[in-house]
Amino acid sequence: MSFVTVEKPRPYITLITLNRPERMNAMAFDVMVPFKDALEEVSFDNETRVVIVTGAGEGFCAGADLQDPGWLDIFNGLTVPGIARRAMRILDDVIKAIHDMHQPVIGAINGPAIGGGFCLAMATDIRIASETAYFRPAGINNGLTSAELGLSYMLPRAIGTSRAFEIMLTGRDVDAEEAQRIGMLSRVVPQEQLLEECYAIAERINGFSQLGVELSKQMLWAGIDAGSLHTHMNHEGHAQLFVRMTTKNFEEAIKARKDGRAPEFKD
């Protein structure tokens, strides 16, 4: 059985599913390593313009696998501290792989996103959730820290510092309705409509220039890290000029609008 499935349900859309529902798609290494590999492979699939990530069954991802985290050959010969460092690097690389993907990544949050699963959800570019979804920073409840896998970086930027501090320091659950209200989610839909809603967003994105979409994602994340408005505007300007001067996309958009048809961007 494959713990990660990769499908193409619609043209130019790839669906990557964490597929261990009996363990709520927990982050065991035999799930996370093929998941990272799938993300990296799909990133360079030029027939994929939008990626959707979801979980099989009733949960999105339950975080750490407390039943059996698995074993990798790279742990051989190491003591517990060394194994722990290698393990965290593997999970960190999953989060970074999502950010590094050329395509926008839509998180279809179909159920609980707990601990590392919360971090995984926040790493996606656009988040759509079912009504049964909820988010829990589990580490603080287990005597550890809720700051893991980039969550203390991503969450304050998504919802503001006060809300992020309160959620991460109390370890409480955030249901889908609240998550949408405070800006963690774009929208909440019934479970049976979740993937169709994600496909609809993906298909709208697919109507635009592939190059323009990829650069827009890159600029959005670069803006979050920008040292100043001036620096980022300069970065944006070069990206815009690159597409404008090296493609006929702009001319095609104007012509299509005059012709009353959808543009066909050739990049």
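No lab work stands behind these numbers, since they all come straight from the coordinates. This is a predicted model, so every value here is computed, not measured. Here the Cβ positions follow ideal geometry from the backbone for every residue, glycine too, while neighbour counts run over all protein chains shown.
Think of the chain as having a plus end and a minus end, set by charges on the Cβ of Lys, Arg, Asp and Glu; of MET122, GLN191, ASN110, MET122 sits farthest toward the positive end of this dipole. Annotation: amide H-H contacts under 5 Å for LYS8 (H modelled 1.01 Å from N, sequence separation of 5 or more, or interchain): LEU15. The residues MET233, MET24, when put in order of fewest to most other Cβ atoms within 10 Å, stand as MET233, MET24.
Near ARG23, within a Cβ-to-Cβ distance under 13 Å, what is the net charge of the other residues, with Lys and Arg +1 and Asp and Glu -1?
On the way: positive: ARG20; negative: GLU22, ASP30, GLU58, ASP65, ASP68.
Local charge sum for ARG23: -4.
Neighbours of PHE75, meaning other residues whose beta-carbon lies under 11 angstrom from its beta-carbon, give a summed charge of +1 when Lys and Arg score +1 and Asp and Glu score -1.
Between SER2 and ASN234, what's the calculated FRET efficiency when r is the beta-carbon distance and R0 is 41 Å? Round to 0.05.
On the way: r = 45 Å, r/R0 = 1.09.
With a Förster radius of 41 Å, E is 0.35.
Which of the pairs LYS96/LYS266; LYS8/LYS258; LYS96/LYS217; LYS8/LYS255; LYS8/LYS36; LYS8/LYS248 have their Cα atoms more than 26 Å apart in this structure? With Cα atoms farther than 26 Å apart: LYS96/LYS266; LYS8/LYS258; LYS8/LYS255; LYS8/LYS248. Beta bridges from DSSP with both residues in the stretch 4-205: antiparallel share about 25 percent, rounded to the nearest 5.
Within the listed set ASP175, ASP125, ASP73, the residue fluctuating most in the Gaussian network model of the chain (springs between alpha-carbon atoms under 10 angstrom) is ASP73. Look at LYS217, LYS258 and count the other Cβ atoms within 10 Å of each Cβ; fewest to most, that gives LYS258, LYS217.
Ranking of SER162, SER43 by neighbouring Cβ atoms within 10 Å, starting from the fewest: SER162, SER43.
How high is the FRET efficiency between ASP30 and ALA147 when r is their beta carbon distance and R₀ equals 22 Å, given to the nearest 0.05? Intermediate results must be reported in sequence, preceding the final value.
Details: r = 26 Å, r/R0 = 1.18.
Calculated transfer efficiency: 0.25.
Residue separation times 0.36 nm, minus the C-alpha to C-alpha distance between ARG181 and LYS258: what's the value?
Details: separation 77, 0.36 × 77 = 27.72 nm, distance 3.92 nm.
My answer for the length gained is 23.8 nm.
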